[in-house]
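Here is the structure we will look at.
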Amino acid sequence: MAGRTILEFYPFDFDYINTPEGRAIIRVFGSTKEGKKIVVLDGSIQPYFYVIVNAERSDVALAQALRLKVKTEERIVQPVKVEILKRNLVGAPVTVLKIFVQTPSDIAVLKDEVKTLPGYMDRAESDINFYKRYMIDKEIVPLSKIRVEGEEVDHKGRYNADYVINAEKMEDLGEETISAPHILAFDIETYNPIGTPRMDTDPILMISFASNKGYEKVVTWKKFHNAPDYVEFVDSEMDLINKFVEIMRKEKPDILLGYNSDNFDFPYIIARANKYKIKLDFAIDHSNIKMAKKGRDVIARITGIIHVDIYPFVVNMLAPTMRTEIFSLDSVAEELIGEKKKEGVSWENMHTLWDAGGESLRKMVEYNLHDSKLTLKLMNTLSKTMFELTKLVNQPLFDVSRMTYGQCVEWFLAKRASKFLEIIPNKPIVTGTWSRTYEGAYVHPPKPGIYDNIVVYDFRSLYPSIIISHNICPTKLFCECCKDGNKTPETDGKTYSYCKREKGFIPTVLEDLINRRARIKEMLKKIDKGDEDYSILSARSYALKTIANAMYGYFGFAKSRWYSIECAASVTAWGRHYIKQVIADAEKAKFNVIYGDTDSIMLSLEGKTVGDANMFAEKVNKKLPGIMELEFQGFYPRALFVAAKKKYALADEKGRITIKGFEFVRRDWSRIAKETQMAVLNALLIEKSEDNAVKIIKNAINKLKAGEVKIEDIVIYTQLTKKVEHYDSIGPHVAAVIKAQKLGLKFEPGQIIKYIVTKGEGSISDKSYILKEYLDKGLEYDSEYYINNQVLPAVERIFEVLGYEKDELKGKVQTKLAGFFK
DNA sequence: CCGATT
DNA sequence: AACGGCTAATCGG
């Protein structure tokens, strides 16, 4: 068995172990193209961290660093090697000691001890995880094919893998990404007589699996007749958990997929497994599944198997661009892949179905399997984006799938810093009121009205292009060589200057991103949309754009390693400068500027042609520096602007309406109000009929009065952002929660509250009830509230544009509805 | 009615 | 563990 081996494989999980001698060995887990499991052991890199020292005393510091010794319970910890190097710390030249140690935990032991070194100034990179360090320094790109050369190890019993190799050489083979990883999705259902299931008393009822290799299964412990083939009955919850472990060992997926599995499925399974003393040791190295802390959340890690929880990815990366109100599997799947939920079963009635047994159980297993299949399908559409982001950020998929924008940017920069001899700065220690503010974007006041023929231009990637064109970088701020060069416009009464001679680290890597994206866009034009390459390249383009756009926000975020409020303020200062300049130029050229926001400008043509406008834009572009560019965004035959900023509707030539800012796009409005508003906008912009618009409002009011609305039409969604007792002001959703808590229902911060305003006495809060309580008690909704506080306000502002006074619309509807208003 | 909170 | 600008409803004194 053992012997020299060369293998090509896709690495996807990384950690380290210590040898009996106390040396750190990196473990790389991956799969070959044929799906064989591989573990690579690599002892070629040594853990280290930096100590920044006074340049004049660095020799003394070095000598003393070599003599450092700390006695711990197990052994004596000391540096194994120390080098003196010249590096930069956010642009400033520094002298550093690079202190190598035996094992990563030695860093924690020595990091305070080094403060005694002569000329000590600071330490750096002592908080970079060893496996992250390995990926950065060895330039191992996750999910991207590499060749390993080394000795095959006899690993009987140590690993549930096909190959274990002691690496001598690792070589990246370029861009080829893992093409067909084995993905297994799972989902559990639990007993929940009081709403939220309780881990200590309520059992797991069933567990489902669905894989991209066609495997489908539901395991449950209550029998019913003529069960579908995919159902496997066991005798008890204990047997169900044992079966779960057995299936995981046998299936050995590359990726294990869940939806909210970090916060729900795994903590639950672990708690129930503990009760029966079952070991969840299906990892590739037979270790138990581990729950780790990540900020306020917990995450479930399985060595050698990538546990991907789709939920945090959706919330962190996709939520801002999504329309859904709630991030349940059902609504997310509906928006992203157009799949509707299974009728008849819901989270709330799970325990009743289980108790009923028989046919109800059939519904339950179908529902349970459906959820695993939905999760798998979601991954089908998201995996390419996730994989591309993972390669770009250069961290394990396990980590990247849980990262926020800020974290993605940070690791993207960390990976590239060393090429510029830049040390990765420490995380700022942020206490108290840490969000210092600075002046943001400019919003040009809208001219309210309904217009024909509007053209929209925007600056292509405004903030990234400003960072690049004006060399905005914390490493080049107030540089020695050109202190007065490249001054920003005034912002908060100050100006900042950036080096003219040398390009900064961040503008350089950002420009590389933008250039790569431009090349991909060119390639995409030449490929067929159905092509496999097309989806990969568009995912790559999306990943590049995401990171580029997040760079500005990263500057302004106080917990960033490269935090720079000066850079953030400089970016918005230039942004205001350019948009104001374009607005002034457009007015000079006799265009009617209707509105502008941050990076966009909207012009009413009023006799001029689109060609005239394009000629104007061309003239603007000739003046713009660097890669900055004003781009034609669209022509709209009809548009509506209200008196408020950030609220408008555009109708394109195909009759499609784009809506910004209106209640229609907000979740804290009832559907009846939003749909009425949408229909009214449609009547005004497309049908061009005020009469129809009034009729639509009349219909909505009639339906509300007659009780003909569906329950979904009157539910209002609002997020519970903190614990109920921490609220200063009790809004309707909080008041509804307080009432429901008295019935024993449980709520957690972050949860989206569904409530309804009912008939009765008192304030709106007094009359608000959680949907469940509303249904259980058969309460009656307050049609007056939905008419006067939802439907009418949503349309009144639109009618003001048509010259109606505040209450005039109400009057107009009233005359058509005589008798309805008192 | 108005500032604070959401 | 991304920014600021902005609107609007509702609470609560």
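Quick note: the coordinates plus some simple rules give every number you see, no bench work behind them. Being a predicted model, the structure only gives us computed values, none of them experimental. Methodologically, a virtual Cβ is constructed for each residue, glycine included, from the backbone with ideal geometry; neighbour enumeration extends over all protein chains shown.
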Problem set entry | Exposure proxy order (Cβ contacts within 10 Å, fewest to most) of A:482, A:408, A:473, A:499 | A:482, A:499, A:408, A:473
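So how do A:761-767, A:292-298, A:396-402 stack up, highest first, on mean other-Cβ count within 10 Å? Display every interim value, and only then the final one.
Details: A:761-767: 13.0, A:292-298: 10.1, A:396-402: 23.1.
Top to bottom by mean Cβ count within 10 Å: A:396-402, A:761-767, A:292-298.
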Exercise. Distance in nm between label sites at residue A:629 and residue A:764, each 7 Å beyond Cα in the beta-carbon direction?
Worked result: 4.6 nm
For this session: Give the distance, in whole Å, between the Cα centre of the range A:26-47 and the Cα centre of the range A:156-188.
Result: 7 Å
For this session: Enumerate the residues in the range A:158-186 having an amide nitrogen under 15 Å from the point lying 7 Å beyond the Cα of residue A:216 toward its Cβ.
Result: A:185-186
Exercise. In debye, nearest 20: dipole of chain A around its Cα centre with unit charges on the Cβ of K, R (+) and D, E (-)?
Worked result: 1300 debye
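If you rank A:781, A:191 by fewest surrounding Cβ atoms within 10 Å, what's the result?
On the way: A:781 22, A:191 16.
Least to most surrounded, the residues fall as A:191, A:781.
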Problem set entry | Loop-located trypsin sites (Lys or Arg not before Pro) in the range A:488-533 whose Cβ has at most 12 other Cβ within 10 Å (DSSP) | A:501, A:529
Exercise. How many nm is it between the label spots at residue A:340 and residue A:200, if each spot is 7 Å from the Cα in line with the beta carbon?
Worked result: 4.3 nm
Problem set entry | In nm, spacing of pseudo-spin labels at residue A:723 and residue A:149 (7 Å Cα→C-beta vector) | 6.0 nm
Exercise. Tell me, in nm to one decimal, what length is gained between residue A:622 and residue A:67 on full extension, where the rule is 0.36 nm per residue of separation less the Cα-Cα distance?
Worked result: 193.5 nm
Exercise. Is the shape of the range A:417-479 best called rounded, prolate or oblate, per the rule: a/c under 1.5 gives rounded, else a/b larger than b/c gives prolate, else oblate, with a ≥ b ≥ c the square roots of the Cα gyration tensor eigenvalues?
Worked result: oblate
Exercise. Which shape class, rounded, prolate or oblate, goes with chain A when its Cα gyration tensor gives a ≥ b ≥ c as root eigenvalues, a/c under 1.5 marks rounded, and past that a/b bigger than b/c marks prolate?
Worked result: oblate
Exercise. Any idea what the dipole of the range A:501-569 comes to, in debye rounded to 20, about its Cα centre with Lys/Arg Cβ at +1 and Asp/Glu Cβ at -1?
Worked result: 100 debye
Seminar exercise, completed: Helix-only [θ] at 222 nm, chain A, -39500 (n - 2.57) per DSSP H run of 4+, per residue, nearest 500, equals -10500 deg cm²/dmol
Exercise. So for A:590, A:252, fewest C-beta neighbours within 10 Å to most, what's the order?
Worked result: A:590, A:252
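Go ahead and run the numbers for FRET between residue A:521 and residue A:180, Cβ-Cβ distance against an R0 of 35 Å, rounding to 0.05.
Numbers: r = 27 Å, r/R0 = 0.77.
With a Förster radius of 35 Å, E is 0.80.
Please sort A:733-742, A:71-80, A:649-658 by packing, taking for each peptide the average over its residues of neighbouring beta carbons within 10 angstrom, highest first.
On the way: A:733-742: 19.7, A:71-80: 12.8, A:649-658: 15.3.
Highest mean packing first, the order is A:733-742, A:649-658, A:71-80.
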For this session: With r as the distance between the Cβ atoms of residue A:751 and residue A:710 and R0 = 25 Å, compute the FRET efficiency 1/(1 + (r/R0)^6) and round to 0.05.
Result: 0.60
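Rounded to the nearest 20 debye, what is the charge dipole size of the range A:355-470 about its Cα centre when +1 sits on each Lys and Arg Cβ and -1 on each Asp and Glu Cβ?
Numbers: 14 positive and 11 negative charges, 77 e Å.
Using Cβ point charges on Lys, Arg, Asp and Glu, the range A:355-470 gives about 380 debye.
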Seminar exercise, completed: Largest-first semi-axes in Å of the equivalent ellipsoid built from the Cα gyration tensor of the range A:459-558 are 33, 13, 10
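If each residue of separation counts as 0.36 nm, what is the full-extension length gain between residue A:113 and residue A:88 once their alpha-carbon separation is subtracted?
Details: separation 25, 0.36 × 25 = 9.00 nm, distance 2.32 nm.
Separation in residues times 0.36 nm, less the Cα-Cα distance, equals 6.7 nm.
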Exercise. Given the pairs A:213/A:243; A:415/A:494; A:222/A:373; A:290/A:559; A:705/A:812; A:132/A:373, which are separated by over 25 angstrom at their Cα positions?
Worked result: A:415/A:494; A:290/A:559; A:132/A:373
Seminar exercise, completed: Rounded to the nearest 0.05, FRET efficiency between residue A:75 and residue A:287 (Cβ-Cβ, R0 25 Å) equals 0.55
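Would you work out if the range A:33-117 is rounded, prolate or oblate? Take a ≥ b ≥ c from the square roots of the eigenvalues of the alpha-carbon gyration tensor; rounded if a/c is under 1.5, else prolate when a/b is larger than b/c, oblate otherwise. Walk me through the intermediate numbers first.
On the way: a/c = 3.02, a/b = 1.51, b/c = 1.99.
It comes out oblate by the Cα gyration axes.
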For this session: Report relative contact order for chain A in percent, whole number only (criteria: Cα-Cα under 8 Å, sequence separation at least 6).
Result: 9 percent
